[in-house]
Amino acid sequence: MRTAMDGPAMTGGVTTAATATGAVDGKVLLVTTQGGHLTQLLALRAWWGARERLWVAPGTPDVADRLAGERVVASHWPTTRNLANLVRNLLLAVRVVTRERPALVVSAGAGVAVPFFVVAWLLRIPTVFIEVYDRVDSATVTGRLVGPFTTRRIVQWDQQLDVYPDARLVGRLL
């Protein structure tokens, strides 16, 4: 079976990000918050569009509109500095990941990614974290927190390699 780690390293945009996430047999779990994080995952539609997938995202009107027709499990939000929702999302991650058994977990953040990456790591499910394009010279909080549980980190700018030397540069997604 091929994994998310297979495939050549390349640079340059959405096609490269799809290559960097790699070939994967089985279901993909896409974990996101609303807004720009969701937009970055939607930019990878060419990669995930033909795969069996499940989304975890907040039940906000913009998410419902942008993910109409997709399988979506509602996450608890807000996630920023909200310990109660972190615990709720951890319980959700245990339930969703053990029930769905994805072959790969992918996220561009934000905080909801953390419990899903931890649970995936415990179950030896590969994870891919896509660092956001607007944080060029420092690590995001989510990027730091998911780091130990990330199989592959993807960045969009050369400068981000200074912050994440283990990352694969793919170029801008948007």
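The values are calculated or read from the model by the stated rules, or taken from the named source; none is laboratory data. Computed from a predicted model, the values in this text were never measured in an experiment. Quick reminder, even Gly has a Cβ in these numbers, built from the backbone with ideal geometry, and neighbours come from all protein chains shown.
Some observations on this one:
- Test: residue in region 9-16 that is within 25 Å of Trp121 (Cα to Cα) and either at pLDDT below 95 or not in a loop (DSSP other than H, G, I, E, B) (or both): yes
- Residue that is nearest to Leu44 (Cα to Cα), among those in region 124-147 that are at pLDDT below 90 and among the acidic types (Asp, Glu): Asp134
- Residue count for region 73-87 under the criterion of being touching a helix residue (DSSP H, G or I) at 6+ places or on another chain (Cβ under 7 Å) and either closer than 21 Å to Val28 by Cα or of a type in the set (Asp, Glu) (or both): the result is 3.
- Residue ID - surrounded by the most Cβ atoms within 10 Å (Cβ to Cβ), chosen from residues in region 67-90 that are in contact with a strand residue (DSSP E or B) (Cβ under 6 Å, 6 or more places away or on another chain) and either in a helix (DSSP H, G or I) or free of Cβ contacts under 8 Å to residues at least 40 places away in the same chain (or both): Asn89
- Qualifying residue in region 111-118 (condition: crowded, with 17+ Cβ neighbours inside 10 Å and either touching a His at 6+ places or on another chain (Cβ under 6 Å) or of a type in the set (Gly, Ala, Ser) (or both)): yes
- Here region 143-174 is the region considered, the condition is being among the acidic types (Asp, Glu) and assigned to a loop (DSSP other than H, G, I, E, B), and the residue that is nearest to Val31 (Cα to Cα) is Asp166.
- Evaluating Val31 against the criteria (1) out of contact with any helix residue (DSSP H, G or I) (no Cβ under 6 Å at 6 or more places or on another chain); (2) under 18 Å from Val96 (Cβ atoms); (3) buried (at least 18 other Cβ atoms within 10 Å of the Cβ) leaves one unmet condition, (1).
- Residue list for region 61-83, filter: at pLDDT 95 or above, of a type in the set (S, T, N, Q) and over 20 Å from Val106 (Cβ atoms): none
- Within region 108-126, the set of residues being out of contact with any Phe, Trp or Tyr (no Cβ under 8 Å at 6 or more places or on another chain), on the phi < 0 side of the Ramachandran plot and either of a type in the set (Asp, Glu) or in a loop (DSSP other than H, G, I, E, B) (or both) comprises Ala110, Gly111, Leu123, Ile125, Pro126.
- Arg99, sole failed condition from (1) closer than 18 Å to Leu123 by Cα; (2) modelled with pLDDT under 95; (3) over 15 Å from the mean Cα position of the chain (by Cα); (4) not β-branched (Val, Ile, Thr): (2)
- Subset of region 91-146 (residues that are among the aliphatic types (A, V, I, L, M), within 14 Å of Thr79 (Cβ to Cβ) and touching a residue at least 40 places away in the same chain (Cβ under 8 Å)): Ala108, Ala110, Val112, Ala113
- The lone exception for Val105 - which of (1) outside any strand (DSSP E or B); (2) under 25 Å from Leu174 (Cβ atoms) it fails: (1)
- Within region 137-162, being surrounded by 19 or more Cβ atoms within 10 Å (Cβ to Cβ) and over 16 Å from the mean Cα position of the chain (by Cα) holds for one residue alone: Gln160.
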